[in-house]
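Undergrad: One structure coming up, written as structure tokens, with questions to follow.
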Amino acid sequence: MYRNRILLAIGLAKQEKQVLNTSLKDDFPHIKLLFKDELNKGLDVEKIHPLIVIVDSSLSGTELVSACRLIKSDKLSRPAQLIVLVEKGGDKSLYNEAIEAGTDWFLTKPLTGFELKAAVRTMLRFAEIPGETGYLDGPKGEITEKELSCEELSCDDLEKRALLLNERVKELNCLYAVSSLLDDNSMSLSDMMNHLLLVITSSWHYPEKTCARISLEEKMYKTLNFRDTKWKQSAPLFVEGKKAGFLEVCYTEEMPEADEGPFLKEERSLIDELSKKIGQFLENRLIAKRLLESREYFRITLDSIGDAVIAADNAGRITVMNHQAEKYTGWKFEEAKGKPSGEVFRIQNAKTGEKAENPIDKVLESGRVEGLANHTKLISRNAEEYHIADSGAPIMDTKGKTMGVVMVFRDVTDEYHMQEHLKESERQLKKPRLSEEQAAGNLN
């Protein structure tokens, strides 16, 4: 029996498929890629006999666990190597079930070429295939049981392969640990950088002789044992396309010659990938800071407006309120957010007491600027009443599509009462004039 040089990918999205195609084409030309949207029980794995299987955890929980078990049930000389592609911060209990079902490795989304190649290289070495691209010849390019056996290997070969496998596992663990750290929003920048340095130094070939530092403009973070020696690797950190610092790994003393001085070629790939991840983290942090500042500026500006402002989405649900709107409606924004505007903004005709049409609904229906009818009264949450004047306008994107509504209103209670008083005075003034004319007529 043979196990084919096939990597079977099940349930992957378009983006992950592209990463597989571009990343494996040059480094693993003898591995054939096969994509399946779902796993057909009793057909795919048992018929194809793939060497490696990647399953997307987006499959439902029962489907994922069942797929893992089915993949591992195709024994041959040994089961296929199983990688599950998971979401960061996903369902840990489900992933534990996948481990029990035979999962060999997890990769996190978004999938990167470096992590994928490191995982595949590790899987191939675990399967005891001599080399990644120069495989032993077998019938029709297939891998025989003899090739998968360790019996023909010398002790030196086994020891060498064990060391290589250990290094690849360290690299993958490093990438996973760094990704997990960079996802932790609770840490300060200083704590984050110091934790990253500890993870990085433990992942190089001689961790006990490794030191590192991260330089960010005027700030420098380094391990306690850091020494700027001549045995070092460095990678720039780019933020928004500009160099913002560097990541540097040094050996504190001379080590045996390898691919890049005393460093392995995989460590060059690793430090380059780490610098990209750290640079992206710093860029995301900068964008988040700007967004927070922008929101705060927007909030201060909104609260500085003398009129009340309410915004709603296409469904008429509250998305924005300023302090004045909170005052007149009696609702705090935290409570009103997401509620139907008619529940928060309750209006009625001041003359008849009948419910008035919601201007937000009118704008959504017409797509035009709409104002309130005369004699409109707002009833607040605590039953206070305000005579108001307002206007609502659609919020449109660059293509002219309505995204929601913004409504501005103000309290005109005093003005309303004054106008009503003037109208009443005019009526009273007209009555005496009619009486004098009638009296004059009677005298004539």
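Undergrad: Cβ-Cβ distance below 8 Å, separation of 6 or more or different chains: which pairs start in the range 93-108 with a residue that is at pLDDT below 80 and end on one that is charged (D, E, K, R)?
TA: Ala101/Arg69; Ala101/Lys72; Gly102/Arg69; Gly102/Lys72
Undergrad: State whether one or more residues within the range 291-300 are surrounded by 13 or more Cβ atoms within 10 Å (Cβ to Cβ) and among the small types (Gly, Ala, Ser). Spell out how you get there, then give the answer.
TA: Quick first cut of the range 291-300, residues surrounded by 13 or more Cβ atoms within 10 Å (Cβ to Cβ) only: 299.
Then keep just the ones that are among the small types (Gly, Ala, Ser); that gives none.
No, the conditions are met nowhere in the range 291-300.
Undergrad: Additional query: Based on what the data block shows, is Gly404 over 14 Å from Ala312 (Cβ atoms) and not charged (D, E, K, R)?
TA: Answer is no for this residue.
Undergrad: Residues being assigned to a helix (DSSP H, G or I) and either under 16 Å from Glu63 (Cα atoms) or hydroxyl-bearing (Ser, Thr, Tyr) (or both): count how many of those fall in the range 93-123.
TA: Taking the range 93-123 and keeping what is assigned to a helix (DSSP H, G or I), we get 93-100, 113-123.
Add one more test, that the residue is either under 16 Å from Glu63 (Cα atoms) or hydroxyl-bearing (Ser, Thr, Tyr) (or both), and what stays is 93-100, 122.
Matching residues across the range 93-123 total 9.
Undergrad: Where in the range 183-295 are the strands (runs of 3 or more DSSP E), entirely inside, with at least 2 residues that are charged (D, E, K, R)? Write out each step before concluding.
TA: Numbers: elements: 210-216, 219-222, 232-239, 242-251.
Where strands (runs of 3 or more DSSP E) fall fully within the range 183-295 and carry at least 2 residues being charged (D, E, K, R), they are 219-222, 242-251.
Undergrad: Same structure again: Would you confirm, using the coordinates I've provided, whether Ala244 is over 19 Å from Cys174 (Cβ atoms), among the small types (Gly, Ala, Ser) and at pLDDT below 95?
TA: Numbers: over 19 Å from Cys174 (Cβ atoms): yes; among the small types (Gly, Ala, Ser): yes; at pLDDT below 95: yes.
Against the criterion (over 19 Å from Cys174 (Cβ atoms), among the small types (Gly, Ala, Ser) and at pLDDT below 95), Ala244 qualifies.
Undergrad: Within the range 352-403, can you find the residues that are in a loop (DSSP other than H, G, I, E, B), among the basic types (Lys, Arg) and in contact with a strand residue (DSSP E or B) (Cβ under 9 Å, 6 or more places away or on another chain)? Steps first, answer last, please.
TA: First, pick out the residues of the range 352-403 that are in a loop (DSSP other than H, G, I, E, B): 352-354, 356-358, 367-369, 372-375, 380-384, 397-401.
Next cut, among the basic types (Lys, Arg) only: 368, 381, 399, 401.
Within the range 352-403, Arg368, Arg381 qualify.
Undergrad: Hey, can you tell me all the residues within the range 233-272 that are polar (S, T, N, Q) and over 36 Å from the mean Cα position of the chain (by Cα)?
TA: Of the range 233-272, the ones polar (S, T, N, Q) are 233-234, 252, 269.
The answer is Thr252, and nothing else.
Undergrad: So Ser180 clears everything in (1) modelled with pLDDT under 60; (2) of a type in the set (Gly, Ala, Ser); (3) assigned to a helix (DSSP H, G or I) except one condition, right? Which one?
TA: Every condition holds for Ser180 apart from (1).
The values are calculated or read from the model by the stated rules, or taken from the named source; none is laboratory data. Predicted model only: the values in this text are computed from it and were never measured. Every residue, glycine as well, gets a Cβ built from its backbone with ideal geometry; the counts of neighbours run over all protein chains shown.
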